[in-house]
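Contents: one structure, followed by commentary.
Values quoted throughout were computed directly from the atomic coordinates according to the rules given, and no laboratory measurement underlies them. Please read these numbers as outputs of a predicted model, since none were measured by experiment. Cβ coordinates were reconstructed from backbone atoms using ideal geometry, including for glycine residues, and neighbour counts include every protein chain displayed.
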Amino acid sequence: MDCLFCKIIKKEIPSKTVLENESVIVFEDINPKMPVHLLVVPKKHIASVNEIKEEDKELIGELFLTAKQAAEKVGVKDKGYKLSVHVGEGGGQEIFHLHIHLLGG
Ligand code: AMP
């Protein structure tokens, strides 16, 4: 599948990885909009929120728990940060592999 984030997950394209577990990877956005700008990405290819299935419920929970861990690791957890998700072209989504933007600092 010709998906940029799948290639990052498979280490075919380099990324500045902040943390990684069995089901989720967190790496720095290549074009940061704030001092801290991370992308929290499930390893399973799900194109967008619109393609999330019942069977993905646990994974979506993992996604948020991993976002919280990443926020702690980069030092914005207590101060606060923003999580945002673009859905579809009209929602500003450019990469069609589900991801949460983590912005702070
Ligand atoms: P979205 O508009 O939600 O689809 O956001 C996609 C994000 O991916 C943008 O903020 C881009 O800067 C970011 N991005 C694109 N290519 C890369 C890359 N190779 N490594 C890290 N982030 C990337």
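Annotations
- Given Lys11/Lys44; Lys10/Lys77; Lys7/Lys43; Lys10/Lys43; Lys43/Lys79; Lys10/Lys82, the pairs whose alpha carbons are separated by over 18 Å: Lys10/Lys77; Lys43/Lys79; Lys10/Lys82
- The value for segment 6-65 of Rg(Cα) / (2.2 N^0.38 Å) is 1.16.
- Neighbour counting of Cβ atoms within 10 Å sorts the residues Val74, Val87, Val24, fewest neighbours leading, into Val87, Val74, Val24.
- Shape call, segment 1-41: gyration tensor on alpha carbons, a/c limit 1.5: oblate
- In plain terms, the residue of Asp2, Asp78, Asp29 with the fewest other Cβ atoms within 10 Å comes first and the most crowded comes last, giving Asp2, Asp78, Asp29.
- Fraction of C-alpha pairs exceeding 18 angstrom in the chain: 45 percent, rounded to a whole number.
- As a proxy for reagent exposure, Glu20, Glu89, Glu94 were ordered by neighbouring Cβ count within 10 angstrom, fewest first; the result is Glu94, Glu89, Glu20.
- Averaging the Cα positions of each part gives two centres, and for segment 7-62 and segment 87-102 these lie 11 Å apart.
- Rounded to 10°, Cα long-axis angle of helix 57-73 versus longest principal axis of the chain: 30
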